[in-house]
Amino acid sequence: MWFIYFHKLHPLFVHLPIGILFFVGILMFVNRKNKRIQYRQSIYLGLMMCFATAVFSVASGWFLAQEGSYDVDTLWWHKVLGFSTTSTLLLLVITYKSKKLHAMITPILFLAAIGLMVGTGHHGGVLTHGADFLFKSNIGKKKEIKQVQSINELVAYTDVVKPILNKHCTSCHRTSKKKGELDLSTWDGIIKGGNSGSLFDRVNNELSLLSYRIHLPLDDELHMPPKGKSVLTEEIIAILDWWTRLDPCKDCFVVSKETPDSIQSVLKKYTKNQTNLDTANLKILTNKAVNKLLDLDIRVTGINNVSPLVSISLKNQPSISKKQLKALRQINRNIKELDLSDSQLSNAFFRQLKEYKNLNKIRLTGTNITDEDLKSFNGLMALKTLNLYKTGITNDAIKFLKQLSGLENLYVWQTKIDQKGIQQLQNDKPKLNIITGIDKKVFKSSALNPPVIVNKQRLFEDSISIEIQQNIQGTKVYYTLDGSIPDSTDLVFGESLVLHDTSPLSLIAYKQGWQKSEPIKKQFIKKTQKVNSVTLSSKPAAQYGGNEEKLIDQKESILDFKSGDWLAYQGEHMTSFLHLSKPEEINRVFVSCLSDTRSWIFYPASIMVSLSSDGNQYKKVNKLDIDIIEHKGVQQNYFEITFPKQKAQYLKIDIENILKNPSWHESPGGDSWVFVDEILVN
């Protein structure tokens with residue numbers, strides 16, 4: 001049976017004669033300076049081993065070539081040069097033992113063997129990696145996708161699909177190496193297909209052949225890309241699924257295709273950056289940097305492994321310390337959103353603000369900012385939203401606000417800017433959306449009700465189709481998937497929306513002549529990591545029936561704290577220890593909690609996540625503080641705690657109970673409850 005796999009050892013055999021021959025060359029050079037019998041014996045042994053491994057290389061390569069799928073001309077030259085190299089090595093072995101021929105012929109044969117080996121290796125590299133592999137370098141070059149003003153300018157195949165195929169598929173499926181007789185490097189090759197058929201062929205009258213193969217389990221031998229290659233992202237899979245559902249077309253624009261909203265959302269990254277964000281050479285924050293910020297009471301959100309930009313919160317600070325300012329300065333280009341609400345700001349902060357080149361949104365509600373402080377905002381080209389609600393700025397600030405060329409939204413409610421100043425600013429910047437409080441005109445029109453999300457379940461495995469209800473005809477519903485509040489410039493929700501990854505879906509309804517609806521948000525979570533086991537620091541209240549297994553069964557509970565699915569703690573905190581079956585790369589945790597204030601049940605005051613590789617030493621990676629507010633009825637929320645991706649097998653989740661009912665509660669000071677039903681790891 002071993003002979004069946006002999007040809008697969010060719011990549012191993014082929015490198016041995018190369019290394020041995022160069023080692024022999026070093027010995028020959030040393031032997032010329034210091035002739036010893038031991039060197040001659042070692043050189044001869046090396047040449048014998050070099051010839052033997054070359055024979056194995058040729059033999060295994062010969063059988064490997066029988067599989068076909070290689071460019072005929074390149075393969076022919078690879079064979080000829082390989083045989084020639086082996087023959088030259090045999091002559092080297094023979095002549096090296098001959099005293100008459102050794103001195104004259106051995107150097108010539110040695111140089112010939114090196115030259116032939118280089119030629120053989122070059123053609124082998126062409127077969128394996130492509131014709132431009134050796135001489136075309138991408139080192140130091142940033143691969144950039146095509147940037148257009150609108151996705152309607154994108155050619156579906158050329159601009160979107162072809163770069164994906166080139167990156168993930170053509171190392172095995174190209175003109176010089178057609179595994180399965182499939183060439184994905186050219187349009188003609190794509191249309192022709194391979195031994196299994198065309199990419200667009202239907203499997204079981206549903207998925208295309210390409211989609212079928214990329215959706216197979218990773219351990220399936222037919223899964224593409226094969227094991228060992230980079231795994232396709234959810235975005236790429238969605239694009240390929242969409243593209244192979246269409247009729248094959250090489251030059252069709254995206255606008256001419258049946259493009260669902262979910263795909264339009266993915267294709268947004270091809271549009272030119274309108275926010276002037278400068279992320280070139282900007283690194284994603286390290287665990288050390290995030291932990292340093294947390295230690296300084298600086299909250300960090302929006303951490304992921306795609307964008308280096310994050311949101312920073314420094315709310316309710318009596319003063320911002322020098323250490324905090326220094327920490328912010330070190331990551332100033334990483335900050336896209338900054339919340340300083342109800343904090344006391346110093347001149348030192350405003351002096352360094354000009355360095356925050358990627359600052360897109362800043363909230364200064366209730367701060368001590370003055371008119372003169374707004375001078376420091378000049379030059380913040382990426383700034384789109386400025387919230388000055390409940391500050392002391394006056395009409396004298398208008399001259400500084402006019403200079404903010406990229407500003408789109410300005411909140412000046414409960415400031416000292418009067419109507420005359422607002423009108424002056426609006427005349428100078430007619431496109432600026434100035435929010436001054438409640439507009440009495442809205443009472444002349446009715447307000448739309450928010451859209452209703454039909455889906456009750458938030459958790460899914462592979463994908464989920466989202467449906468909504470909106471009863472008023474002519475209403476357009478807009479959505480976002482990044483947690484931001486949508487507006488009429490975002491994508492329009494169609495009949496449905498298919499999600500393939502964890503997403504915070506936000507919706508808002510618009511209709512001409514009506515007041516827009518309140519935005520609604522619902523988190524949909526893909527179940528990725530299965531927790532192996534969980535232990536609790538203390539047992540939950542027995543009367544509600546919940547146990548530790550309920551935390552990791554990946555099943556949603558109903559909004560009834562008496563259902564037996566919830567773990568309940570009264571007047572004490574909750575700590576759980578999660579154990580994965582093996583170390584996994586993770587970057588976020590979701591905790592499902594219940595709130596029913598009339599029943600003394602409140603959301604946690606905070607949730608902290610710590611990670612460990614051995615189950616003994618845990619390191620804090622992030623903490624989420626939660627505002628406790630009064631509300632009616634029963635609510636459930638999946639709280640998300642994000643952190644930089646890192647490998648861990650053990651997690652510690654500290655859930656902080658508020659312990660006592662708030663002062664506004666009908667029974668203030670009573671022992672409050674915290675109810676938890678699910679902890680998900682992604």
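For this structure, a couple of remarks:
- Boolean, SER581 is surrounded by fewer than 20 Cβ atoms within 10 Å (Cβ to Cβ) and touching a Ser or Thr at 6+ places or on another chain (Cβ under 8 Å): no
- Here ASP295 clears all of (1) at pLDDT below 90; (2) surrounded by fewer than 20 Cβ atoms within 10 Å (Cβ to Cβ); (3) under 28 Å from THR436 (Cα atoms) except the condition numbered (3).
- Filter result (at pLDDT 75 or above and either open to solvent by 20 Å² or more (accessible area, probe 1.4 Å) or touching a strand residue (DSSP E or B) at 6+ places or on another chain (Cβ under 6 Å) (or both)) within the range 299-316: ARG299, VAL300, THR301, LEU309, VAL310, SER311, ILE312, SER313, LYS315, ASN316
- When we screen SER557, SER592, SER599, SER563 for residues that are within 30 Å of SER663 (Cα to Cα), in contact with an Asp or Glu (Cβ under 7 Å, 6 or more places away or on another chain) and either modelled with pLDDT of 90 or more or open to solvent by 40 Å² or more (accessible area, probe 1.4 Å) (or both), the only hit is SER592.
- Criterion (open to solvent by less than 60 Å² (accessible area, probe 1.4 Å), farther than 22 Å from THR259 by Cα, not assigned by TED's automatic domain parsing to the domain that holds TRP242 and not basic (Lys, Arg)) met by exactly one of LEU491, LEU459, LEU499, LEU505: LEU459
- Which listed residue is surrounded by fewer than 17 Cβ atoms within 10 Å (Cβ to Cβ) and farther than 20 Å from ILE320 by Cα, from SER346, SER405: SER405
- In the range 599-622, the residues that are touching a Lys or Arg at 6+ places or on another chain (Cβ under 8 Å) and in contact (Cβ under 8 Å) with a residue 60 or more places away in the chain: none
- Filter pass, SER517 being small (Gly, Ala, Ser), surrounded by fewer than 18 Cβ atoms within 10 Å (Cβ to Cβ) and either part of a loop (DSSP other than H, G, I, E, B) or touching a residue at least 60 places away in the same chain (Cβ under 8 Å) (or both): no
- The lone exception for LYS476 - which of (1) open to solvent by less than 80 Å² (accessible area, probe 1.4 Å); (2) more than 30 Å from PHE639 (Cβ to Cβ); (3) not assigned by TED's automatic domain parsing to the domain that holds LEU340 it fails: (1)
- Verdict on LEU386 being touching a residue at least 24 places away in the same chain (Cβ under 8 Å), crowded, with 19+ Cβ neighbours inside 10 Å and farther than 26 Å from SER319 by Cβ: no
- Restricting the range 469-495 to residues that are farther than 23 Å from GLY302 by Cα and polar (S, T, N, Q), the residue that is modelled with the lowest pLDDT: ASN471
- Residue list for the range 150-202, restricted to those being modelled with pLDDT under 80, open to solvent by 40 Å² or more (accessible area, probe 1.4 Å) and out of contact with any strand residue (DSSP E or B) (no Cβ under 9 Å at 6 or more places or on another chain): THR175
- Here ARG588 does not qualify as of a type in the set (Lys, Arg) and either outside the structural domain of SER667 (by TED's automatic domain parsing) or not in a strand (DSSP E or B) (or both).
- Near pairs, Cβ below 7 angstrom, 6+ apart or cross-chain, from the range 17-44 (at pLDDT 85 or above) to any residue that is hydroxyl-bearing (Ser, Thr, Tyr) and crowded, with 16+ Cβ neighbours inside 10 Å: PRO17/THR53; PRO17/SER57; ILE20/THR53
- Test: residue in the range 549-567 that is in a strand (DSSP E or B) and closer than 17 Å to ILE679 by Cα: yes
- So GLU640, is it surrounded by fewer than 17 Cβ atoms within 10 Å (Cβ to Cβ) and either of a type in the set (Val, Ile, Thr) or in a strand (DSSP E or B) (or both): no
- Matching entry among ILE434, ILE417, ILE393, ILE362 (being outside any loop (DSSP other than H, G, I, E, B), β-branched (Val, Ile, Thr) and crowded, with 20+ Cβ neighbours inside 10 Å): ILE362
- Considering the range 76-88, the residues that are more than 11 Å from HIS122 (Cα to Cα) and of a type outside the set (Gly, Ala, Ser) include one that is most open to solvent (accessible area, probe 1.4 Å), namely TRP76.
The values are calculated or read from the model by the stated rules, or taken from the named source; none is laboratory data. Not measured: the values here are computed from a predicted model. Glycine gets a Cβ as well: all are built from the backbone with ideal geometry, and neighbour counts include every protein chain shown. The area values use the complete protein model at the heavy-atom level, side chains included, leaving out ligands, DNA and RNA. Shrake-Rupley method; radii C 1.70, N 1.55, O 1.52, S 1.80 Å.
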